[in-house]
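Asks: Quick one: the structure is below, questions incoming.
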Amino acid sequence: MKRQSLCAAGLAAVLSMVGSLVVPLGSALANEPRPWEMGMQPSASPVKHLMGSFNDLLTVIITLIVIFVAGLLAYCAVRFNAKANPVPSKTSHHTLLEVAWTVVPVIILIVIAVPSFKLLYAAERIPQADMTIKVTGHQWYWDYEYPDQGGFTFSSYMIPESDLKPGQRRLLEVDNRVVVPVNTTVRVLVTAGDVIHSWAIPAFGLKKDGVPGRTNETWFKAEREGVYYGQCSEICGTNHGFMPIAVEVVSKEAFDAWVAKAKTAFAPRDGDRDVAQRQTGTLIQ
Ligand SMILES: [Cu+2]
């Protein structure tokens, strides 16, 4: 009886493990890390789709190479050991073989290079953006600014574990989420106020360093509504692990309603250098 219940518990554990790998795909929980996650988070932005297919291609190639090399090693160990092959061959050159082991890796590298360059190009070249968000990393929180929605700005701090409400994600939930409309190309300007931080959202295939005194640029286009979580990805000090990112993707109508509310809730920073830059149109160059 005891053995049976042990088996049942084991089976349940395995099933829940398999379930956690399979079920959340495409569900509301798809935008954050999950227990026992083996692969990457499901993609929700064009660049991440390319990353996913590039990862799949590389997995196939490295698997074939590992199988080939392991098979070759095993074959040599069995076929050419001192017992099985007491008189070794004196061959020192084989032109065809030498050309083959040079040309084949070159072809493999070209096969890898083509999608790799495609991915780099997609990540670096910002398409015509519908809106812009400016992100500033600080020790240890994020400042967000919406320059073309009235220029309001707000800070986003992690909610400490003691203040979490039921359903809120530990170490991922913030007091003020970034809100963006669905299916909208968002240009993100990333900088920092003190040390180097990095604004990263796995589901968008996005990771951009925020460097003090410099503005970096990246983009995403969220394809599904929901909340997407990320974390600072550049070790930036004691509380580096406690400055998460939460992006809420909503319908265009809900976004307009949020902007109307945010304009009064978060006042723009008048007198800020960025305001002057924005007025002269130099901010996003
Ligand atoms: Cu940081």
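Asks: Checking Thr191 against (1) more than 12 Å from the ligand (Cβ to nearest atom); (2) open to solvent by 60 Å² or more (accessible area, probe 1.4 Å); (3) farther than 19 Å from Trp258 by Cα, which single condition isn't satisfied?
Replies: (2)
Asks: Give me the pairs, please: first residue somewhere in region 227-256 and closer than 8 Å to Trp140 by Cβ, second residue anywhere and of a type in the set (Val, Ile, Thr) and open to solvent by less than 60 Å² (accessible area, probe 1.4 Å), beta-carbon distance under 9 Å, and either six or more positions apart or on two chains.
Replies: Every condition considered, the pairs that remain are Cys232/Ile245; Cys236/Val195; Gly237/Val195; Met243/Val174.
Asks: In region 139-161, what residues are surrounded by fewer than 17 Cβ atoms within 10 Å (Cβ to Cβ) and within 16 Å of the ligand (Cβ to nearest atom)?
Replies: Passing the criteria: Gln139, Ser155, Tyr157.
Asks: Could you grab me the full set of residues in region 197-247 that are away from the ligand (no atom under 16 Å from the Cβ), of a type in the set (D, E, K, R) and surrounded by fewer than 18 Cβ atoms within 10 Å (Cβ to Cβ)?
Replies: Scanning region 197-247 gives Glu217, Glu223, Arg224, Glu225.
Asks: While we're on this one: Take the residues in region 78-109 that are in contact with a helix residue (DSSP H, G or I) (Cβ under 8 Å, 6 or more places away or on another chain) and surrounded by 10 or more Cβ atoms within 10 Å (Cβ to Cβ), then tell me which one is modelled with the lowest pLDDT.
Replies: The first filter runs over region 78-109 and keeps only residues in contact with a helix residue (DSSP H, G or I) (Cβ under 8 Å, 6 or more places away or on another chain), leaving 84-85, 108.
From what's left, surrounded by 10 or more Cβ atoms within 10 Å (Cβ to Cβ): 85, 108.
On the way: Asn85: 92, Ile108: 96.
Result: Asn85.
Asks: Let me confirm something: among Val186, Val178, which residue is within 16 Å of the ligand (Cβ to nearest atom), aliphatic (A, V, I, L, M), in the same structural domain as Met243 (by TED's automatic domain parsing) and within 15 Å of Glu248 (Cα to Cα)? First the steps, then the outcome.
Replies: Numbers: Val186 fails: within 16 Å of the ligand (Cβ to nearest atom).
Among Val186, Val178, only Val178 is within 16 Å of the ligand (Cβ to nearest atom), aliphatic (A, V, I, L, M), in the same structural domain as Met243 (by TED's automatic domain parsing) and within 15 Å of Glu248 (Cα to Cα).
Asks: Given the condition part of a strand (DSSP E or B), under 22 Å from Gln149 (Cα atoms) and modelled with pLDDT of 95 or more, answer yes or no: does some residue in region 195-208 qualify?
Replies: First pass over region 195-208, keeping only residues part of a strand (DSSP E or B): 197-201, 206-208.
Adding the requirement that they be under 22 Å from Gln149 (Cα atoms) leaves 199.
In the following step, the residues that additionally are modelled with pLDDT of 95 or more were identified as 199.
Within region 195-208, one or more residues are part of a strand (DSSP E or B), under 22 Å from Gln149 (Cα atoms) and modelled with pLDDT of 95 or more.
The values are calculated or read from the model by the stated rules, or taken from the named source; none is laboratory data. Just so it is clear, the model here is predicted, and its values are computed rather than measured. Cβ: placed from backbone, ideal geometry, glycine included. Neighbour counts: every protein chain shown. Note: areas computed on protein heavy atoms with side chains; ligands, DNA, RNA excluded. Shrake-Rupley method; radii C 1.70, N 1.55, O 1.52, S 1.80 Å.
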